[in-house]
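Read the structure below first, then the notes.
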Amino acid sequence: MKFTILSGLCAWFLLGAVVMASESAPRKENASVVRRTTLIVHDLDASIRFYRDVLGFELWLENNGKVTNDSLPSDAALGATSRFVIMKGKDPWIGMVGLLEYGGAKQLPKTPKRLVPGDAILMIETAEIDAIYQRMQRAGTSILKHPKTQTVTGANGTRWDAKFLFAWDPDGHLLEINQPGNGARVGGAAPVDTAAAPAVVRREFQDGIYGQLHLRRTEPSKNNERHTPIYLLHQTPLSGRMFSEVLPELARDRVVVAPDTPGYGESAGPRSAPTIEQYADALYDVIARAGEPVDLVGYHTGAMLAAVLAARHPRAVRRLVLISMPLFDAERRRGLRTSAPLEIDGAHLTNEWKSTMSVRPDGQSLELAARLVAEKQRAGSNAAFAMVALAAFDAEPTLRSLRVPTTLIRPRDGLWDNTAAAAKLIPDARLVDMPNWTYGFFDADPRGIAKLIIDTLHD
């Protein structure tokens, strides 16, 4: 989950206006910036629990002291305790709130029912407003306005939908929780200006080894400087569709392509299970048409295919990013599920749904979960082919032979230890831990993963 925190008297209709105005304003060497908002609280431990367990912040810093003549004015006596913490949101750039308690927990009056001059509204942006709302209900949070979708107009006239929730924190500070919808980006970015940013994901077919291969392509605006193209290889039995949200974020200054592996998505497939090497060569056939080295990013099964492709065709790959590496020993490979027989009563669909629900992250809608289940069914009899190939493949010699600069990223999505083991085999590989990311982070935090990938490729 990702948060961006702004403070002050900020009404919902300023969501876009404030951001767009700040981005369009000229940068000055002496310009002041808002770094953090500090809230005075009556019970620091209760506030920490609220901002951590309900809103998803993490405790970043804690300082304890005493009230002195130099302290800010308060009703605490000299020598009383002074406790200060900083809670940090999941946004890669900003997102901190300070909590300051003087003299220990105090009895508070009832939460105010109307705003008066001198009050402030703390605005928090999220990708999982419904999950936060559920946690607020379980925690007994005082809700002012339940989640509701409204249309917002930005400073340049751009309109987009956002869902809003208003609630009181334990000290009576009013919180505006919003989740941008169509035309907006979670994480503080302004609504997409299609004249300046590449927001269109185009669909193409190319002739390939096993028939026509389907791919998604996004290109930067003509005026932007172009860097090395990025090719994204997906997890099976899914398709390049899993990168739909992150594609425009990556494509601001480069071509980004997400092919469907043969037999998955809308790509034609082989009649029998290829080897891992054959899958990699089929994808190389597409990459070679770029006419230049590319940056290659793979996820789960796609990570293994990316590694094999880079090992077999090192001149075609400039840098390699492997996310959640499915490295298994011989015993584990023998135990991989390589088939999912169809059942006349549809039990295989029920089992797939239960499996998807078991790893469903907070904030993932049922609609998105249903699309994932449906996407897995599209491969039909080809669905197990990649797992058959993976089960038969001893990856260790290939990983040891890699000579392409490689970064491995490991979220907590079932391959934490496997990814670390792969990093030890690849010469000079770098391992980046993302413990707060779990299943579904490509949809939950597309801007965050895009920034991490771009930063990695720029190293």
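Please find, within segment 213-228, the residue that is surrounded by the most Cβ atoms within 10 Å (Cβ to Cβ) out of those that are modelled with pLDDT of 80 or more and basic (Lys, Arg).
Arg216
Please state which one of Arg360, Arg378, Arg333, Arg318 is more than 23 Å from the chain's Cα centre (by Cα) and farther than 26 Å from Ala273 by Cα.
From the options Arg360, Arg378, Arg333, Arg318, the qualifying one is Arg318.
Pull up segment 36-47, narrow it to residues that are of a type in the set (Ser, Thr, Tyr) and in a strand (DSSP E or B), then point me to the one that is nearest to Gly448 (Cα to Cα).
Across segment 36-47, the extreme among qualifying residues is Thr37.
Looking at segment 357-378 only, could you name the residues that are under 16 Å from Pro237 (Cβ atoms) and assigned to a helix (DSSP H, G or I)?
If the condition is that a residue be under 16 Å from Pro237 (Cβ atoms) and assigned to a helix (DSSP H, G or I), then Ala369, Ala370, Arg371, Leu372, Val373, Ala374, Glu375, Lys376, Gln377 are the ones that fit.
Please go through segment 349-408 and pick out each residue that is basic (Lys, Arg), touching a residue at least 60 places away in the same chain (Cβ under 8 Å) and out of contact with any helix residue (DSSP H, G or I) (no Cβ under 9 Å at 6 or more places or on another chain).
Arg378
Is it true that some residue in segment 428-444 is under 21 Å from the mean Cα position of the chain (by Cα), surrounded by fewer than 16 Cβ atoms within 10 Å (Cβ to Cβ), modelled with pLDDT of 85 or more and farther than 30 Å from Thr228 by Cα?
no
Being of a type in the set (Asp, Glu), over 23 Å from His458 (Cα atoms) and either at pLDDT 90 or above or over 24 Å from the mean Cα position of the chain (by Cα) (or both): is that true of Glu292 here?
Working: of a type in the set (Asp, Glu): yes; over 23 Å from His458 (Cα atoms): no; either at pLDDT 90 or above or over 24 Å from the mean Cα position of the chain (by Cα) (or both): yes.
No, not satisfied.
Within segment 48-79, which residues are under 23 Å from Ile132 (Cβ atoms) and outside any loop (DSSP other than H, G, I, E, B)?
Scanning segment 48-79 gives Ile48, Arg49, Phe50, Tyr51, Arg52, Asp53, Val54, Glu58, Leu59, Trp60.
Answer yes if at least one residue in segment 389-403 is farther than 30 Å from Pro270 by Cβ and in the same structural domain as Met357 (by TED's automatic domain parsing), and no otherwise.
No - not one qualifying residue is present in segment 389-403.
This table checks each residue for (1) closer than 30 Å to Val256 by Cα; (2) crowded, with 21+ Cβ neighbours inside 10 Å; (3) touching a Ser or Thr at 6+ places or on another chain (Cβ under 9 Å); (4) modelled with pLDDT under 80.
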| position | (1), (2), (3), (4) |
| --- | --- |
| Leu108 | no, no, no, yes |
| Arg114 | no, no, no, yes |
| Asp119 | no, no, no, no |
| Ile124 | no, yes, yes, no |
| Ala127 | yes, yes, no, no |
| Arg138 | no, no, no, no |
| Asp161 | yes, no, yes, yes |
| Val200 | yes, no, yes, yes |
| Glu204 | yes, no, no, no |
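Please go through segment 270-284 and pick out each residue that is of a type in the set (Gly, Ala, Ser) and under 30 Å from the mean Cα position of the chain (by Cα).
Within segment 270-284, Ala280, Ala282 meet the criteria.
Here is a check on your reading of the model: is Trp416 free of Cβ contacts under 8 Å to residues at least 60 places away in the same chain, among the aromatic types (Phe, Trp, Tyr) and over 27 Å from His214 (Cβ atoms)?
Answer is yes for this residue.
For segment 387-410, enumerate the residues that are touching a Leu at 6+ places or on another chain (Cβ under 8 Å) and of a type in the set (Gly, Ala, Ser).
Ala391, Ala395 - these are the residues of segment 387-410 that are touching a Leu at 6+ places or on another chain (Cβ under 8 Å) and of a type in the set (Gly, Ala, Ser).
The values are calculated or read from the model by the stated rules, or taken from the named source; none is laboratory data. In this text the structure is predicted, and so the values were computed from the model without any measurement. Quick reminder, even Gly has a Cβ in these numbers, built from the backbone with ideal geometry, and neighbours come from all protein chains shown.
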